[in-house]
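The block underneath contains the structure these notes are about, expressed in structure tokens.
The values are calculated or read from the model by the stated rules, or taken from the named source; none is laboratory data. Predicted, not measured: the structure shown is a model, and the values here were computed from it. Please note: Cβ atoms are built from the backbone with ideal geometry, for glycine as well, and neighbour counts cover all protein chains shown.
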Amino acid sequence: MLSDIYKYPLERSYLGSKYHVHYNKYHNGGGPYLIDTFLKDYNFPKLNSVMEFCSGPGFMGYYLMHKYNLPEVHLVDINPEVKPAIDLTNQENNWNGIFYLSDALESYDGPKVDFIITNPPHCTNLEEFNQCNNNKRNQKNILLDQDLSMHKKFANKLNKVLNKNGHLMLIENNIYIPADKLDILFGLKRVDYGDIDSALYYVMYENNLDI
Ligand SMILES: C[S@@+](CC[C@H](N)C(=O)[O-])C[C@H]1O[C@@H](n2cnc3c(N)ncnc32)[C@H](O)[C@@H]1O
């Protein structure tokens with residue numbers, strides 16, 4: 001519904017923002033909060049291409065594309081309903097956010113990238129989901145990755161989409177998915193790690209695999 005569409009301003013000043021990411025309020029998984037509280041002050045490694053995985057409306061992907069003056073951003077999500085807002089963001093800003101409808105990376109057919117950022121679902125079973133669920137629409141997509149099955153599929157295909165020496169930044173919940181689980185799952189070199197708030201942390205890996 002059009003009344004559910006909001007605009008997140010990518011730059012804030014007394015003159016307002018020229019650039020906005022459009023989103024359906026049921027598809028906001030926390031991207032604006034993460035940009036405002038964490039990403040804006042983070043020193044990113046050099047990057048020439050970027051993907052937001054589990055993108056929803058693409059807040060963080062568009063943020064990085066804009067910040068680093070990139071020609072495009074690759075946005076991957078399982079929910080086809082995020083596409084109309086992405087189309088609107090592209091149209092209003094004259095941007096190129098390319099959307100891939102995909103379960104994890106199974107149907108991704110875009111190029112390899114230097115940097116992948118993701119804020120995936122953080123609950124790994126129904127008990128955790130019930131603790132987080134606010135009973136609004138789309139909560140299972142936003143919150144639940146049963147038994148980490150999506151994380152596992154993503155990890156298995158990662159080397160096909162992340163350039164050698166490229167970086168993966170995951171934003172996760174430290175109770176449900178602690179970083180040592182991800183170290184094992186991805187098998188990559190951890191290059192950075194830190195808290196975002198009392199529940200969330202980020203971890204960054206470098207793709208040091210030779211395949
Ligand atoms: C926590 S939300 C993050 C949304 C957005 N990136 C943000 O930060 O606001 C998780 C996103 O993962 C997507 N998702 C869930 N399961 C997925 C899967 N198997 N493959 C791809 N995307 C998935 C959901 O549709 C949702 O958009």
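Residues are listed down the side, and each one gets a yes or a no for (1) within 13 Å of the ligand (Cβ to nearest atom); (2) crowded, with 19+ Cβ neighbours inside 10 Å:
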residue	(1), (2)
Gly56	yes, yes
Tyr62	yes, yes
Met65	no, yes
Leu75	yes, yes
Pro84	no, no
Asp87	no, no
Gly97	yes, yes
Val113	no, yes
Cys132	yes, no
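Do we find a residue being closer than 26 Å to Tyr42 by Cβ, more than 9 Å from the ligand (Cβ to nearest atom) and aliphatic (A, V, I, L, M) anywhere in segment 134-145? No, every residue in segment 134-145 fails to be closer than 26 Å to Tyr42 by Cβ, more than 9 Å from the ligand (Cβ to nearest atom) and aliphatic (A, V, I, L, M).
Whether a residue is more than 23 Å from Asp195 (Cβ to Cβ), surrounded by fewer than 19 Cβ atoms within 10 Å (Cβ to Cβ) and either modelled with pLDDT under 95 or among the small types (Gly, Ala, Ser) (or both) was assessed, and Gln139 passes this test. Any residue in segment 171-187 that is exposed (fewer than 15 other Cβ atoms within 10 Å of the Cβ) sitting within a Cβ distance under 8 Å of a residue that is assigned to a helix (DSSP H, G or I)? List the pairs, counting only those 6 or more apart or interchain. Once the first residue is exposed (fewer than 15 other Cβ atoms within 10 Å of the Cβ) and sits in segment 171-187, its partners that are assigned to a helix (DSSP H, G or I) give Lys181/Leu148; Gly187/Ala155.
Any residue at all in segment 21-30 that is surrounded by fewer than 20 Cβ atoms within 10 Å (Cβ to Cβ), assigned to a helix (DSSP H, G or I) and within 16 Å of the ligand (Cβ to nearest atom)?
The first filter runs over segment 21-30 and keeps only residues surrounded by fewer than 20 Cβ atoms within 10 Å (Cβ to Cβ), leaving 25-26, 28, 30.
Adding the requirement that they be assigned to a helix (DSSP H, G or I) leaves 25-26.
From the residues that got through so far, the ones that are within 16 Å of the ligand (Cβ to nearest atom) too are 25-26.
Yes, segment 21-30 contains a residue that is surrounded by fewer than 20 Cβ atoms within 10 Å (Cβ to Cβ), assigned to a helix (DSSP H, G or I) and within 16 Å of the ligand (Cβ to nearest atom).
Checked against (1) within 15 Å of the ligand (Cβ to nearest atom); (2) part of a loop (DSSP other than H, G, I, E, B), Met51 meets all criteria but (2).
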